[in-house]
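Presented below is the structure to which this report refers.
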Amino acid sequence: MKTVRFKDGGASLSVGKILCLGRNYPEHVKEMRAEAPPVPVVFLKPPTALLEQGGTIVTPPFSHVLHHEVEMVVVVGKEGKNISRETAMDYVAGYAVGLDMTLRDVQTDAKKKGLPWSVAKGFDTSAPLSDAVRRDAVPDPHMLNITLRVNGDLRQSSNTRNMIFSVPVIIAYLSSVFSLEAGDLIFTGTPEGVGPVTRGDTLTAELESVATLTVGVQ
């Protein structure tokens, strides 16, 4: 069973669903030549996609274009359904930084054929995740700098205030479709600057005052 750990040494949570958002930063929408969505764009990854700090992303042999996408991750702390925006933050256990690794060639081919792209998003090691910090240690999750460096070079840099959908809006929407449970993870979308990585690269993701995550690629 995959788990998410907390920095303060408290009990870890077994991970259930990994719910991910696409198109949640305006500049990323532009770089993908897409349209801003009226409601959150949601896809899922299995828990087996998780990769711990210091691990190695393994590129499947059937793909040749692996892209990085850095994201703030919300850890769900308790069960809820049809949660209101006003009470949504009560369901947050904490925050982490993660990577939504994407097989871009596989995804592009699936989109052209009108097929699902779960393979491009959900392969093993496609969801590197840092340890989390408790909600109370983050005064405002909508005012955090978020960055991704590849071999020390800055690739992605933004602030969570730029998200199209805030954490309460995301939780309210997701809980109207899926019953949320303790240990569910919400990847809240990536800012602009996504791009390719290759075998031998080192990726360092940082969410200001929350966590740093470093993983390799093979």
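Since every read-out is calculated from the coordinates, none of them should be taken as a lab result. Note that this is a predicted model, so its numbers are computed, not measured. Here the Cβ positions follow ideal geometry from the backbone for every residue, glycine too, while neighbour counts run over all protein chains shown.
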- [ ] With a Förster radius of 25 Å, plug the Cβ-Cβ distance of LYS111 and ASN162 into 1/(1 + (r/R0)^6) and report the FRET value to the nearest 0.05.
- [x] 0.50
Task: Highest-MSF residue in the chain out of PRO191, PRO47, PRO116 [GNM, Cα springs under 10 Å] - done: PRO116
- [ ] At 0.36 nm per residue, minus the direct Cα-Cα distance, what do LYS30 and THR87 gain on full extension? Give it in nm, one decimal, please.
- [x] 17.3 nm
Open item on the list: Need one word for the range 3-217: rounded, prolate or oblate. Basis is the Cα gyration tensor (sqrt eigenvalues a ≥ b ≥ c); a/c below 1.5 gives rounded, then a/b vs b/c decides.
Closed with: rounded
TODO: Per DSSP H run of at least 4 residues, take -39500 (n - 2.57); add these up for the chain, divide by its residues and hand me the 222 nm value, nearest 500 deg cm²/dmol.
DONE: -4000 deg cm²/dmol
Task: Out-of-range pairs (alpha-carbon distance over 20 Å; input LYS7/LYS121; LYS2/LYS121; LYS17/LYS78; LYS2/LYS78; LYS2/LYS81; LYS2/LYS111) - done: LYS7/LYS121; LYS2/LYS81; LYS2/LYS111
Task: the chain: most fluctuating residue of GLU79, GLU208, GLU35 per GNM, C-alpha cutoff 10 Å - done: GLU35
TODO: Go through the range 47-112 and name the chymotrypsin sites (Phe, Trp or Tyr not before Pro) that are in a DSSP coil and have 15 or fewer other Cβ atoms within 10 Å of their Cβ.
DONE: PHE62
Task: the chain: most fluctuating residue of LYS112, LYS78, LYS17 per GNM, C-alpha cutoff 10 Å - done: LYS112
- [ ] Give the residue from CYS20, TYR95, ALA132 lying farthest towards the positive end of the charge dipole for the chain; charges sit on Cβ (+1 for Lys and Arg, -1 for Asp and Glu) and the dipole is referred to the Cα centre.
- [x] CYS20
Task: Prolate/oblate/rounded label for the range 156-218 (Cα gyration tensor, a/c 1.5) - done: prolate
TODO: Just tell me which aspartates and glutamates come within less than 17 Å, Cα to Cα, of LYS113; anything on the same chain fewer than 8 places away is out.
DONE: ASP105
